[in-house]
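First the structure, in the form of structure tokens, and then the observations on it.
Values quoted throughout were computed directly from the atomic coordinates according to the rules given, and no laboratory measurement underlies them. Just so we're clear, the structure is a prediction, and the values are computed from it rather than from any experiment. Here the Cβ positions follow ideal geometry from the backbone for every residue, glycine too, while neighbour counts run over all protein chains shown.
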Amino acid sequence: MDDQKLIQMFWERNEDAIRETDTKYRKLCFGIAFNILGNEYDAEECVNDTYMSLWTTIPPAKPRCFPAYLSRIARNISLKRFRQGAAQKRSRMTEVSIEELEEVLPGSFSMPDPDAEQLGKLINDFLKTEKESTRGIFIRKYFFFDSIEEIAKRYAFSESQVKNKLSRCRKRLKDYLSERGVEI
């Protein structure tokens, strides 16, 4: 089903919108939640919470890119659950990913910050300057929380190449943010 039709179904309060979203995007939502939480039960609950959030936010929201909007909701719900300690088994990969970014970003990456929107814009602007593969690797690691092994397979790099690319990208991001007055 077309994404614009899905959005229209939400606007019309057609309950089939949730079923159709689940059919088309369950794997994406579950993958995000599971990568963050490392627990199938908690990931499943986050997927259901994601659908509920879609129902309550559309309308008034009318997302331009439905998969990105959906992914962001699934990620935020999963990170909130992760932070609250509701997951029985925390994902070490998620902890490592967050720790890596804390070295680059101001304050605590896991805590809300009043300047988070501006910081997000700066990170997006930075990523636009990176090569497509580097940008993809960064997003897969720090947004979707994919493992190094998964990223290496996806981009046909060795695991050490992925680690090196991420390390250099974090350093460039740190320099980029510093040049724009962001205190680390």
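Return the inverse of the average 1/r over all pairs of distinct C-alpha atoms in segment 3-84, which is the Kirkwood hydrodynamic radius, in Å to one decimal.
Computed over Cα pairs of segment 3-84, the Kirkwood hydrodynamic radius comes out at 12.5 Å.
Evaluate E = 1/(1 + (r/R0)^6) for K153 and S53, where r is the Cβ-Cβ distance and R0 equals 22 Å; express this FRET efficiency to the nearest 0.05.
0.10
Can you give the local net charge around Y25? Use residues other than it whose beta-carbon is closer than 15 angstrom to its beta-carbon, Lys and Arg +1, Asp and Glu -1.
Net charge around Y25: 0.
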